[in-house]
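The values are calculated or read from the model by the stated rules, or taken from the named source; none is laboratory data. The shown structure was predicted, so the numbers you read here are calculated from the model rather than taken from an experiment. FYI the Cβ positions are ideal-geometry reconstructions off the backbone, even for glycines, and counts take in every protein chain you see. Side chains included, ligands, DNA and RNA excluded: accessible areas come from the protein's heavy atoms. Shrake-Rupley method; radii C 1.70, N 1.55, O 1.52, S 1.80 Å.
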Amino acid sequence: MNGLYNLYWTPTIFFDGGHDFVVGTSQSAMQSDINTAGQREVNDIDLSVSLEWLGESNLEIIVSVTNNQFINQTPERPMDITGPDIGITYGTYDIAAQTSDPDGQDLWYKFDWGDGNVSDWTGPVASGQQANGAHAWNMAGSYNYRIKAKDEMDAESYWSPNQQITVYNRGDANSDDGVSVGDVVYIINHVFKGGPPSDPEGRADTNCDNSVNVGDAVFLINHIFRQGDPPHCL
């Protein structure tokens, strides 16, 4: 800036706080910069100036400037999230989330499911109203999923705190981390002899009909001994 502000021996005029400047006394250059400054888009402001004569050559001048430009605020971080904490592979689970926008704008939501899959933005949803997402985890394990929101001007919130779901293998009725004839025996013992249910019970729902009965044992026998479909809800 040495060549800009230290020209104390040459008249220098600055426009718009240094956006443009004229070194010297060229009238044409000054007129051009004045016109340019007058055409430049500026914030919506209210300007008021008051002047009061205080006597004895004293003046009181008060200048007030109010910036009316709209400043968009980011949506609040989603905190109110509901969803299961356990699940079964190939089962689809509904997740609900909601947050608010300080400016009252509609919101879109993105779901990071924690298994490498991230949803597209879904919406619009009114500020403060519930948004819904659904996902199926196809491998057993524990997953941390999270949600974020954006407003009509694409201002994005922070990600929500992680929510955890533990997913168990469908067909692993006896919880031994495998699918075998032992699971068939476990299902038959539960259905016909009052044996304990699977934990969670959906592990034994091999045919995905939302109940545990002899059909699940038959389905698993067909899979193990006749190369039938695996216990997946396709």
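Computed quantities for the displayed model
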read-out: Farthest positive-ward along the chain dipole, Cα basis, beta-carbon charges - from C208, S57, N35; value: C208
read-out: Residue-count net charge about P197 - beta-carbon cut-off 11 Å; Lys, Arg +1, Asp, Glu -1; value: -2
read-out: Dimensions (Å) - the chain, Cα atoms, principal axes, largest first; value: 108, 40, 26
read-out: For Q69, net neighbour charge (Lys/Arg +1, Asp/Glu -1) across residues whose Cβ lies under 14 Å away; value: -4
read-out: Net charge, S211 excluded, C-beta distance under 10 Å - Lys, Arg +1, Asp, Glu -1; value: -4
read-out: Solvent-accessible area per residue for the chain (1.4 angstrom probe, square angstrom); value: 62 Å²
read-out: Portion, in percent, of the accessible area of segment 120-188 that falls on carbon or sulfur, probe 1.4 Å; value: 44 percent
read-out: All aspartates and glutamates inside 17 Å of K150 as judged from Cα atoms, apart from same-chain residues fewer than 8 positions distant; value: E76, D80, D101, D103, D106, D112, D120
read-out: Distance in nm between pseudo-label sites at F225 and L51 (7 Å out along the Cβ direction from Cα); value: 10.5 nm
read-out: Helix-derived mean residue ellipticity, 222 nm - over the chain, DSSP H n ≥ 4, -39500 (n - 2.57), to 500; value: -5500 deg cm²/dmol
read-out: For segment 128-176 versus segment 67-101, the gap between their alpha-carbon centres in whole angstrom; value: 10 Å
